[in-house]
Amino acid sequence: MTSTDLAPADARHQPLTDADKLAQEAATAAQVRRLANHPDVVALRVEKVRTQIDAVIWLGIFLGLAFTMVNVQSFAAAGAATWSLGWLAGWLLDPMVSLVLVAVLRAEQVTARYQVDTGRWAHRTKWFAFLATYVMNTWKSWTHFDVAGVVLHSVPPVLVFLAAETAPVLRDKLTEAVMAAAGTAFTGQADPAGNQPVTAAPVPTEPVTGEPPATSDPTRPRRRPATRKAAAKPARKLRADYLAEARAAWAPGTEITPAWVRSVCPEISRGTSKNVADDLTAETTARPAVAPEPADQPAATDEREAA
């Protein structure tokens, strides 16, 4: 065998046609779209957005509470001499209220991630902390009928209150976005953008018998292999599931409020209960009123026939 026989042959290069290039681009785009809508990728993106939202909201809350601290101290000191005990004790009032408010908001930050309601007392504590801060900030302005002072000292506490009420709703919506992406992927439904669903591969169950595999002997009786039962995990409820429960529990004449929705769906969060109440209200008001059928009057008919 000579060196000529061992030399590799030149490959035959053929230029790609326009159709081949478009086919390759379409395949690449389809793969990128499938991966972009994968529930893990969606969850990662939502976590990044959640972190940014939490950081901005917390920054705004702390700046607002720091602004109100001076006004609350002057309200608590009530003209006490500087560096006196009354003047120093006035600086403790606003942090006392603010720390309790921050503790409640921190708890809601964790519970909203799993759509768990914190209960009535947490909501009442937030309202009391907000009202106390608002009254102590605007008391002097109201007593002197200073409109500009009322507006100036009302903006920070009101903004803190709105941020405290809006943050759990935003976190609840982000959690619903992750669950919707996961539900679309594992149920095989198409997403609103028209993308192909990313279905999970079935996990084969292996027999747990501790015996060697059965042979092909037809005379040997076959035993039914015992399969390992997967532990049933409770599925996460979506907004549509809560709406179905509330729709089944609703009766004509019942006032639809977020509190009523939470009473029929105990595990629902506060933000989702408001959305479910709005959806159910829209459904009930959109139903056409059914006119009552006239009652039969056989007696009057008989009298007319007799006449």
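The values are calculated or read from the model by the stated rules, or taken from the named source; none is laboratory data. Fair warning: this is a prediction, and the values are worked out from it, not measured in the lab. With ideal geometry, Cβ positions are generated from the backbone for all residues, glycine too; neighbour counts draw on all protein chains shown.
Side notes on the structure shown:
- With respect to the stated conditions, V49 is over 26 Å from L152 (Cα atoms), among the aliphatic types (A, V, I, L, M) and assigned by TED's automatic domain parsing to the domain that holds D172.
One line per residue, one yes/no per condition, for (1) modelled with pLDDT of 85 or more; (2) surrounded by 18 or more Cβ atoms within 10 Å (Cβ to Cβ); (3) charged (D, E, K, R):
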| residue | (1), (2), (3) |
| --- | --- |
| P266 | no, no, no |
| R270 | no, yes, yes |
| T281 | yes, no, no |
| A291 | no, no, no |
| A295 | no, no, no |
| P298 | no, no, no |
| E303 | no, no, yes |
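- Some residue of segment 237-244 being modelled with pLDDT under 80 and not in a helix (DSSP H, G or I): yes
- In segment 95-124, the residues that are in contact (Cβ under 8 Å) with a residue 12 or more places away in the chain, surrounded by fewer than 17 Cβ atoms within 10 Å (Cβ to Cβ) and over 21 Å from the mean Cα position of the chain (by Cα): P95, V100
- Filter result (surrounded by 15 or more Cβ atoms within 10 Å (Cβ to Cβ) and within 16 Å of E108 (Cα to Cα)) within segment 131-170: V160, F161, A163, A164, E165, A167, P168, V169, L170
- Test result for T82, more than 30 Å from T272 (Cβ to Cβ) and polar (S, T, N, Q): yes
- Residues that are modelled with pLDDT under 85 and of a type in the set (V, I, T), drawn from segment 108-167: V110, T111, V116, T118
- Restricting attention to segment 12-48, the residues being among the aliphatic types (A, V, I, L, M) and surrounded by 11 or more Cβ atoms within 10 Å (Cβ to Cβ) number 10.
- Once segment 80-94 is narrowed to residues that are surrounded by 15 or more Cβ atoms within 10 Å (Cβ to Cβ) and part of a helix (DSSP H, G or I), the residue that is farthest from the chain's Cα centre (by Cα) is W87.
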